[in-house]
Structures are given as structure tokens and as C-alpha cells.
Amino acid sequence: MAGTAPPPQGRPTGGGPTGDGAAGVVASATRSTAARASLIAAAAGVLLVVAIVLGSRLLRDFDSALVPYAVATVFLTFGVVHRYVVWVSAPAARRLFTQGWKAALSWENLKRSPAALPKMIATYLGFQKFLGARSHARWAAHQLIFWGCLLAAAITFPLTWGWFTFTSAGAAGPGYEMRLWGFKLFGFDSGSFLGWALYHGLDLAAVMVIGGAGYFLWRRMRDRAATTGQRFGYDFLPLLALITISVTGLLLTFSEMFLHGGGYEFLAVLHMASVVLTLVYLPFGKFFHIVQRPAAVGMQLFKYTARRQGPDAEELRSCRRCGQPIDTVAAVDNLRATMRDLRLGFDEWAEYCPRCKRVLRGTAYLSNVKRGFK
Amino acid sequence: MLGRTIFIDPGRCIGCQACVSACRECDSHRGKSMIHLDYPDEGRTVASLPTVCMHCEDPVAPCAEVCPAEAILITADGVVQEADPTRCIGCANCVNACPFGVPKIDLEAKLQMKCNLCYDRTSYGLAPMCATVCPTGALFYGTVEELQAERPGVDVSTMFAFGDTVVSTGVAMVVSGERRAPVPGGTLNLIEVNGRPTPGNGARA
């Protein structure tokens, strides 16, 4: 409480859950969400184990040297699914989740604009155009990390699950065959460029990731916008983890090519530890944005399709005072419903533009608090 | 009990825009001003109103509550931060939910931006940029005791009424000494401004 300003009379209607009863309701809701999340996450983990067993032809193709990686992916699945369920159970995310999926799975939307969803996935998730609007350098560095990690994951995850196998085509020749779930995908000559690229895919990914993460690390030390409010665990750890994984991975290749395998076992353990710790950490820190970012596509598709709802429909909601467009009608209604879910009793204000809200407050202050601002 | 915070006194604001310029110098959003300077009764009076983020305490940060991406974080000392660029999806929920009209959004960059009480400065005990340059003290940074030592008889409020809902904030506004009711957050059906009726409510054409 400031100065002598009095406490409000009774509880403000929008004050959120405060009383013991309300706190109890919230606590039990949190508990039931956590229980549901644990159940779904455990089911997802079990599903992955079953997929690993079946995909590796009842563990015939499973490489037991890679067990720690495979176990880490099971933990990763549990963690990601658990946090995802908790996340989409909160009022704002739940409403957007529903609207986004409704827009994505709507047959009407698909018929009207079949290219909208693939195009949004490509621009938001693949090429991340919005990052270019923030900074070109950050966009370039992020693209390096993104494609590098994607490449690395595409190679390593199926390998550690025993889904990919490489078998010799014949007893004598340099021919190799790449197989998925035991089925032959294609054959190649291990001495060819394709063979070289296949065996060095992870080195290429490591170089890309080191380039991108190195730039971000430099930025974390020098850029004053980035250093404001940065935290070690949230901002530095992910970068250090990516760089550690990439450097130890490259060192494995270095040991094999130039040291005749010297120190390979130690490096392999170091690499494995850094990967496992990163995978297990993924659901908790900055890396979770990988899982959250697709919500941008859901949100954009929801707003885009809401604008195209029939010729007579009111497309945009205008500010009730100045008439400037605020957002799509569906988005404003969705927000007002979210605010009511959260017991924020001023959802009517959402139909005024930010400037009019400030001007209304200014005029009220002018008229009621300090007449004429005296 | 209020700690060190911003005290806004629109009665002292001369609309010079110094705060707007100084805000642009803040390291966390260099080149972009997060402060709003509005003229509520434009053309009739020179009244102006500077708006910084009020850092709502109860309900705590409605902007953060309506954020579907968990992007707006609140520090332990009650400062509502701008959206985490890693998480913000640019949905504008915060922009439209904030009853004070504070957050801005860059739709192209899919990024919300707002006043973070110059966290790079205030977390080290320095005053925010806007309060540092304000020539009239319309934006004052300090404790309520420091304010009252400089301006005897002045009182402040952190209670704002939006309809039936009262929002209590971390940033305070100066009010006249006898005021006991929350500061009005605005009247949606505005019938009079500064003692004069508005158009449609008896204003002379």
C-alpha cells in the first residue's frame, strides 16, 4: 500500500484467486493437471520404447553401445510431453491450442486456402522470417543452429533407436546399404561423395552449430540488449551445451582421422555425457521454445482464417472509441474469454485500442482526480 | 509498502517528450521508445499524460496471465519484464488485455515490447532513463518518503478502477491529499472531459 491510499473495499472482482477456498481449488486443479500430464507423458515414453523395440526388429539392429542415448530420448519424451500438457492446460494457451488446431484441421479452411498452412510452417518454423525482422545476423546464426540441430537429430535419433542400419552389400566390395527398420533404402559406394557425406553428416552439423552458437555466445558477452537481464542457466547454458556437443563430436572425427583413435573412448564418454545431459535438460530451459514455437503457426492460422469467414462477416474488431482496427473479431473474443477464465474483470477494455485506453484514463484523471491537472 | 518505484504526476507533465527520447537510449530496446505520451484533451488544453508500465501486482501482470507462450516473466522484485524474444509468438494478447494500454508489438518480428522499468539500470540502483531526464518531476523515481519530502502534502495511489475491478500496481500516481477512492482507469461512456460535456452528451456544436 502506498502512502495513505486506502485498501479497496472488499476483494476486487478481478483480483484472481486469493482466499483460502480459491487457493485450495487452484491447488487441486494444479495437482490434477500434473497427474494428467504425468500419465500422458508416461504413455508417450512407453510408446517410444515400443517403437524402439519394433523398429530395431526386436532389438536385433539395436546398438547396445548407444543405450545411454536411447534412454535419454525416452526421458526427453517424458519431459517434453509432461511440460507440454501442463503448458496447454493454462487458460490462455488452452484456448489458443484449441483455436489453432481447429483452424489447422478444418476442411473448410483447407478447401479455401490449401497453401496457407504449409506456407506458414515454412516461413515461421523453417526459415523463421520473423527473426530477420529482429536482426539479420541473429537470423543467420539461428538458421545455422536450427538446420544443424535438425540434421544432427535426423541422423542420430534413428541411429540410437536402431532404426537405421548400414550393412555391407557384398563380402568384398566397397558397397554399402542403408536400411530403415530393416528395409533397404538405397545402396552406395562408401568411397563416393554420397558415402563421405553420409559418414560426415554430423561433422557438417557440428560446424554449422558451432558457427551459430559461437555468434550468440559472442553476442551474450558484448551486445548490451542481450546482456540486460540475461541468466546463466537460461541464456548461457544452452549455448555452452550445443558447443560442447559439437566440439566433442568433431574431436571424435579428429581422433579417428589423425590420432589413430587415440583418446577415442574418453571423448566418446564426454560426448555422450554432454548429449544426454542436454536432452534431459531440454524440457526445462530455453530449448523448450522448440516445442512452443509451433504455437505461432496455430495463432497465425487462427487469425488468418478468422479474417476470411464469409463475405458479410465483420473481419476486424475496431476500437469502440476511435474506430482503428484492433484485431480479428475471433481473436478479440478469444482474448475476452481468456480474461474471463482468469477472472480479469476488465475484459471490456480489450475492445479499445491501447491509445484510447490511455486517453480514457488521462481524461478520467483530468476530470476526477486533478481537475485541469492542477 | 512501496519500495523504490516511479511516481507519475501528469499535473507536472509539460509534454516535452524528453522521457520519450531518453527511453530510446535504454539498452534493452535501443532505438525504440517504450514510453507513451498522450494528450487526452488535445486541442483544448495542453494536458499531457506520460505512461510507463504500471507493473501490476494484483492481479499480478494481466499481460503475463493472458500470454499463451509463457513469454512474460516477472522478477522477484515485482518488475514485469518485456516478452522473452525466444518465446513470444506475437499474438498481441498482452497488448489488448493491458488495461493501461502499455505493451507495443512488432507484428513483423513477432515480438512484444514494453517498459521494463529500465531493469538494466534499476537493478543496479540507478533511476530509469525517463525519470532521470524529466525536467518537471512528472516522472519521479524513488521512495514515497523521498517524494513527500520534496513535495509536502502530496499523496500517491496504486489503486486503479476499471469498471468494478480494482487493479493494484507497483508504479504509483500522484493524487490529491483527500482522495480515498481508487484512481479511475477510464470511463468507457465518456460524458464529460475537464468539466465540459463530450459530443453527443450536450456539447455545443
Among the chymotrypsin sites (Phe, Trp or Tyr not before Pro) in region B:73-162, which ones are in a DSSP loop with at most 16 other Cβ atoms within 10 Å of the Cβ? Mind listing them? B:Tyr124
How far is it, in nm, from the label point at A:Arg224 to the one at B:Glu146 when both lie 7 Å from their Cα along the line to the Cβ? 2.1 nm
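In percent, how large is the relative contact order of chain A, given Cα pairs closer than 8 Å and 6 or more residues apart? It would help to have the intermediate numbers written out before the result.
Numbers: 398 pairs, mean separation 71.5, N = 374.
Across chain A, relative contact order equals 19 percent.
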Taking the Cα centre of the protein assembly as shown as origin and charging only Cβ (+1 Lys, Arg; -1 Asp, Glu), how large is the dipole, in debye to the nearest 20? 1120 debye
So if I take the centroid of the Cα atoms in region A:318-351 and the same for region B:93-111, what is the distance between those two points in Å? 13 Å
CD proxy, 222 nm, chain B: helix-only mean residue ellipticity via -39,500 (n - 2.57) per DSSP H run with n ≥ 4, per residue, nearest 500, stands at -3000 deg cm²/dmol
Spelling out what I want: for every residue of region A:296-305, take phi, set θ = phi - 60°, compute 6.51 cos²θ - 1.76 cosθ + 1.60 (Karplus), and round to whole Hz; glycine and proline get x. 5, 5, x, 4, 5, 5, 4, 5, 5, 6
A correct Karplus calculation of ³J(HN,Hα) over region B:92-106, with 6.51 cos²θ - 1.76 cosθ + 1.60, θ = phi - 60°, whole Hz and x for Gly and Pro, returns 6, 4, 5, 4, 7, 7, 4, x, 8, x, 8, x, 10, 9, 10
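Using R₀ = 56 Å, calculate the FRET efficiency as 1/(1 + (r/R₀)^6) where r is the Cβ-Cβ separation of A:Asp189 and A:Phe75; round to 0.05.
Numbers: r = 38 Å, r/R0 = 0.68.
For A:Asp189 and A:Phe75, the calculated efficiency is 0.90.
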Between A:Trp181 and B:Glu25, what FRET efficiency follows from the Cβ-Cβ distance if R0 is 51 Å, with the result rounded to 0.05? 0.30
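Across the residues of A:150-160, average count of Cβ atoms on other protein chains within 10 Å? Walk me through the numbers before you get to the answer.
Numbers: counts 0, 0, 0, 0, 0, 0, 0, 0, 0, 0, 0.
Taking all residues of A:150-160 together, the mean is 0.
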How far apart, in nm, are the 7 Å Cα→Cβ label points at A:Phe258 and A:Leu277? 2.5 nm
10 °C / 1.306 mPa s Stokes-Einstein diffusion coefficient of the protein assembly as shown, Kirkwood radius on C-alpha pairs, µm²/s: 59 µm²/s
In whole percents, the bins of 5 Å from zero upward hold the Cα-Cα pairs of region A:309-373 as 4, 17, 19, 19, 17, 11, 7, 4, 1, 1
Answer check: region A:219-269, Cα atoms, Kirkwood Rh, Rg/Rh ratio of 1.23
Which FRET efficiency value, to the nearest 0.05, is calculated for A:Glu265 and A:Ala43 with the Förster distance at 51 angstrom and r the Cβ-Cβ distance? 0.90
Taking a straight Cα-to-Cα line shorter than 28 Å from A:Lys303, and setting aside same-chain lysines fewer than 8 residues away, one finds A:Lys102, A:Lys111, A:Lys119, A:Lys129, A:Lys286, A:Lys357, B:Lys32, B:Lys104, B:Lys110, B:Lys114
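Would you mind calculating the gained length between B:Glu57 and B:Ala76 on full extension (0.36 nm times residue separation, minus the Cα-Cα distance), in nm to one decimal? Before the final figure, lay out the partial values.
On the way: separation 19, 0.36 × 19 = 6.84 nm, distance 1.17 nm.
Result for the pair: 5.7 nm of gain on full extension.
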Calculate, axis by axis, the spread of Cα positions in chain B along the three principal axes, and write the results as whole Å, longest axis first. 52, 42, 31
Quick check: the angle from helix A:67-89's long axis to the longest principal axis of chain A, C-alpha only, nearest 10 degrees? 10 degrees
Angstrom value of the Kirkwood radius, inverse mean 1/r, which spans all Cα pairs in region A:233-309: 15.1 Å
So for region A:26-299, considering every pair of alpha-carbon atoms, how many percent are separated by more than 31 Å? 38 percent
By the rule of no other cysteine beta carbon under 4.7 Å, the lone cysteines of chain B are B:Cys13, B:Cys16, B:Cys23, B:Cys26, B:Cys56, B:Cys67, B:Cys88, B:Cys91, B:Cys98, B:Cys118, B:Cys134
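Determine the gain in length on full extension of the stretch A:Tyr234-A:Ser113; use 0.36 nm per residue of separation and subtract their C-alpha separation, reporting nm with one decimal. If you can, show how the numbers build up before the last one.
Working: separation 121, 0.36 × 121 = 43.56 nm, distance 3.89 nm.
Here the answer is 39.7 nm.
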Note down the nm distance, to one decimal, between modelled labels 7 Å out along Cα→Cβ at A:Gln324 and at A:Arg94. 3.4 nm
May I ask you to give the average projected area over all directions of the convex hull of the Cα atoms of region A:17-134, in nm² rounded to one decimal? 12.6 nm²
Rounded to whole Hz, the Karplus (6.51, -1.76, 1.60) HN-Hα couplings of region A:128-135, x for glycine and proline: 6, 4, 4, 5, x, 6, 7, 5
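Each reported figure results from applying straightforward, stated rules to the coordinates on display, with no laboratory input. Because the structure is predicted, anything quoted here is derived from the model rather than measured. Cβ atoms come from the backbone with ideal geometry, glycine included; neighbour counts cover every protein chain shown.
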